[in-house]
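Asks: Here it is: the structure, laid out below.
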Amino acid sequence: MRRPTPASIVAAQLRIPVRRVATFAFLLSGASSLIFQSIWSRLAHHVFGATSVAISTVVTAFMAGLGLGAFVAGRYADKLKNPLRAYALVELAVGAYALVLPTIIDPEGWLAVVNASLRSSLGAESPAFMLARFFCVFPFILIPTTLMGSSLPLLARHFVRADQDARAVASWVGALYAVNTAGAVIGTMLGVFVLMPSVGLSATGLVAAGMNFGLAGLI
């Protein structure tokens, strides 16, 4: 039986706190993501003037982006030398993009002008108008949500070995997903019921982006 070397013992000891830090970071990631979703829904509502259109646009972009990001990262995560560093860069990019997005989805910006023009040319109640304004916002939200979707495959790839037992893999990935979901619940409550009513959309966005920058720094 092969005896563990001092280096392998040290590596095993270091792996536990690293996992704890990564797990806590993924909790923050889930929280910030749902805060962003709430903010972007409000911003889209201010532009479109219709809550149902705003929410459906943002939720569709979230689901599509999460799926696309997971698919792309799942295919290429094995080729990365340092998936954990890639995860940190992804979260950093999400936070940075989230600071820019409110200037794009601005109630008094160019998107509002485009929305008014589409309403005038296509008719306020026409299906064409509904689809047109959906696709005006959808691509901009798809970018950060695709980055969000890539986070789980990258983080899992760092901690899961190819030769690991299937049950251990399922347990670890399931735990990560559960932590991220718990963070999403916390983020929804924090953003909708605490931050936005007390400090407004802009400050809430800064807090959420700060979460992403903080967890990237931790990683």
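The values are calculated or read from the model by the stated rules, or taken from the named source; none is laboratory data. Being a predicted model, the structure only gives us computed values, none of them experimental. Every residue, glycine among them, receives a Cβ derived from its backbone with ideal geometry; neighbour counts consider all protein chains shown. Side chains are part of the model used for accessible areas, which takes the heavy atoms of the whole protein and leaves out ligands, DNA and RNA. Shrake-Rupley method; radii C 1.70, N 1.55, O 1.52, S 1.80 Å.
Asks: Report, in cubic angstrom per residue, the convex hull volume of the C-alpha atoms of the chain. Don't skip to the answer; put the middle values down first.
Replies: On the way: hull volume 28.0 nm³, N = 219.
It comes to 128 Å³ per residue, whole-number rounded.
Asks: Assuming R0 = 35 Å, can you tell me the calculated FRET efficiency for the pair ARG85 and ALA182, based on Cβ-Cβ distance, to the nearest 0.05?
Replies: Details: r = 25 Å, r/R0 = 0.71.
Result of the calculation: an efficiency of 0.90.
Asks: Could I get the Rg over Rh figure for segment 178-219? Both from C-alpha atoms, Rh via Kirkwood, rounded to two places.
Replies: On the way: Rg = 11.1 Å, Rh = 10.9 Å.
My calculation puts Rg/Rh at 1.02.
Asks: Tell me, what is the FRET efficiency for ARG75 and ALA168 to the nearest 0.05, using R0 = 22 angstrom and their Cβ-Cβ distance as r? Could the numbers behind the result be given before it?
Replies: Details: r = 23 Å, r/R0 = 1.03.
Computed FRET efficiency for ARG75 and ALA168: 0.45.
Asks: Might you work out the accessible area of SER117 for me, using a 1.4 Å probe with all protein chains in place, and round it to the nearest 10 Å²?
Replies: Answer for SER117: close to 70 Å² accessible.
Asks: A further question on this structure: Can you sort TRP110, TRP172 by 1.4 Å-probe accessible area, starting with the largest? Numbers along the way, then the final one.
Replies: On the way: TRP110 120, TRP172 40 Å².
So the residues, ranked largest to smallest area, are TRP110, TRP172.
Asks: With Kirkwood's inverse mean 1/r over C-alpha pairs for Rh, give me the Rg to Rh ratio of segment 99-219, two decimals please. Don't skip to the answer; put the middle values down first.
Replies: On the way: Rg = 19.7 Å, Rh = 17.8 Å.
Taking Rg over the Kirkwood Rh, I get 1.10.
Asks: Largest first, how would MET189, MET196 line up by accessible area (1.4 Å probe)?
Replies: Order by accessible area, largest first: MET189, MET196.
Asks: Right, next: What does the accessible area of THR146 come to, in Å² to the nearest 10, when a probe of 1.4 Å is used?
Replies: Solvent-accessible area, nearest 10 Å²: 30 Å².
Asks: Something else now. How far apart, in nanometres, would the label points at ALA116 and VAL100 be if each is projected 7 angstrom from Cα along the Cα-to-Cβ direction?
Replies: 2.7 nm
Asks: Could you rank HIS46, HIS158 by how accessible they are, 1.4 Å probe, largest area first?
Replies: Working: HIS46 95, HIS158 75 Å².
Sorted descending by solvent-accessible area, the residues read HIS46, HIS158.
Asks: Continuing with this model, one more query. Quick check on the chain: helices-only [θ] at 222 nm, where DSSP H runs of length 4 and up contribute -39,500 (n - 2.57) each and the sum goes over total residues. Nearest 500, please.
Replies: On the way: 8 runs with 183 residues, N = 219.
When only DSSP H runs of four or more count, the value is -29500 deg cm²/dmol.
Asks: Give me the one-decimal nm value for the distance between modelled label points at LEU68 and LEU218, 7 Å along each residue's Cα-to-Cβ direction.
Replies: 2.8 nm
Asks: May I ask you to compute the full-extension gain from PHE135 to VAL199, defined as 0.36 nm times their residue separation minus their alpha-carbon distance, rounded to one decimal in nm?
Replies: Details: separation 64, 0.36 × 64 = 23.04 nm, distance 3.04 nm.
The PHE135-VAL199 span can extend by a further 20.0 nm.
Asks: Taking a ≥ b ≥ c as the square roots of the Cα gyration tensor eigenvalues, with a/c under 1.5 meaning rounded and otherwise prolate when a/b beats b/c, else oblate, which class fits segment 61-145? Write down the numbers at each step before the final one.
Replies: Working: a/c = 5.35, a/b = 2.17, b/c = 2.47.
Since a/c reaches 1.5 but b/c is at least a/b, the shape of segment 61-145 is classed as oblate.
Asks: With label points built 7 Å along Cα→Cβ from the Cα atoms of SER52 and GLU108, find their separation and express it in nm.
Replies: Simple spin-label model gives 3.0 nm for this pair.
Asks: Kindly point out which whole DSSP H helices in the chain project their C-alpha atoms 15 angstrom or further along the helix axis while averaging a Kyte-Doolittle hydropathy of 0.5 or above. All intermediate terms of the calculation are to be shown ahead of the outcome.
Replies: Values: long enough: 6-48 (62 Å, 0.84); 51-76 (37 Å, 1.32); 83-104 (31 Å, 1.37); 110-122 (18 Å, 0.93); 127-149 (30 Å, 1.63); 166-189 (35 Å, 1.08); 196-218 (29 Å, 1.22).
Counting only whole DSSP H runs, the qualifying helices are 6-48, 51-76, 83-104, 110-122, 127-149, 166-189, 196-218.
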